[in-house]
Amino acid sequence: AAAAAQGYVNLQTLVGKRIAEVPKEELIKHYSPEQMAEFYKAQGVPETPDAYEVQGLPDYLTQHPGVKDALQNAKALAHKHGVSGELFNEFVKMEYDLHQRAVQERQSANLAELSNLYGSNLTKANDIATKAAYALGGDAAVAQLAQSGLASHPMIFNMLYKAGMMMNQDNIPVQ
């Protein structure tokens, strides 16, 4: 009973510390699974990897199969290393923000390249490419192109522009 009481006192002194301050091997050697669970709970670590809640990301992104798999792997890794739910979300949000900035920078560079290619005809070329995108892929394809940033990729844009021009030449309706 004395050992259990001392273990509880030791655990209480650890609860106020950050997980990174305490080597995991030391914790496992000296504390029961129940005490470890209490320690991790006090640190904000979810009970299971699936209990991590991803906040602040658009639904279309979290429902993408590749992103879902990556998030599941990240949750398992975070749980394995005792990362709190709050810290996990901060890292996920930071990664998303970095990715968004990279996409925006790439889109700006793409638009500059398209502006150089089409000059003052860019607006007209964009109308033709957009109509072709709707005719070939519909609303869902246009939305995906916009969300992914591919709509402004010069190769994709040029392909859609050329398809739109061919549709116009062959009198194919382009919505």
Using only Cα atoms, figure out Rg for the range 108-166 and give it as a multiple of 2.2 N^0.38 Å.
1.03
Within straight cross-link reach of LYS131, meaning Cα distance under 16 Å, which aspartates and glutamates are found once same-chain residues fewer than 8 apart are removed?
ASP139, ASP170
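Per residue, how much accessible area does the range 96-142 have with a 1.4 Å probe, in Å²?
Values: 3070 Å² over 47 residues.
Roughly 65 Å² per residue, with all protein chains present.
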For the range 44-51, in order, what is each residue's ³J(HN,Hα) by Karplus, 6.51 cos²θ - 1.76 cosθ + 1.60 with θ = phi - 60°, in whole Hz (x at glycine and Pro)?
x, 7, x, 5, 9, x, 5, 7
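Once neighbouring chains are kept in place and the probe is 1.4 Å, which whole percent of the accessible area of the range 112-175 is contributed by carbon and sulfur?
On the way: 2330 of 4100 Å².
Carbon plus sulfur share of accessible area: 57 percent.
By the gyration tensor of its Cα atoms, with a ≥ b ≥ c the square roots of the eigenvalues, what is the shape of the range 15-169: rounded for a/c under 1.5, prolate for a/b over b/c, or oblate?
On the way: a/c = 5.21, a/b = 3.27, b/c = 1.59.
Verdict is prolate for the range 15-169.
Holding the Cα-Cα limit at 23 Å, pick out from LYS124/LYS162; LYS41/LYS75; LYS68/LYS93; LYS29/LYS68 the pairs that are longer than that. Could you put the intermediate results ahead of the total?
Values: LYS124/LYS162 13 Å; LYS41/LYS75 16 Å; LYS68/LYS93 15 Å; LYS29/LYS68 35 Å.
Exceeds cut-off: LYS29/LYS68.
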GLN72 versus ASP97, label points 7 Å from Cα toward the beta carbon: distance in nm?
2.9 nm
In what sequence, largest accessible area first, do SER108, SER152 appear using a 1.4 Å probe?
SER108, SER152
Give the carbon-plus-sulfur fraction of the accessible surface of the range 63-106 in %, rounded to a whole number; probe 1.4 Å, heavy atoms of protein chains only.
59 percent
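With a Förster radius of 30 Å, plug the Cβ-Cβ distance of GLN63 and HIS30 into 1/(1 + (r/R0)^6) and report the FRET value to the nearest 0.05. Working shown, then result.
Numbers: r = 43 Å, r/R0 = 1.43.
Calculated transfer efficiency: 0.10.
The values are calculated or read from the model by the stated rules, or taken from the named source; none is laboratory data. Values in this document were obtained by computation on a predicted structure and should not be read as measured data. Cβ atoms come from the backbone with ideal geometry, glycine included; neighbour counts cover every protein chain shown. When the accessible area is computed, the model is the full protein with side chains, heavy atoms only, and any ligands, DNA or RNA have been set aside. Shrake-Rupley method; radii C 1.70, N 1.55, O 1.52, S 1.80 Å.
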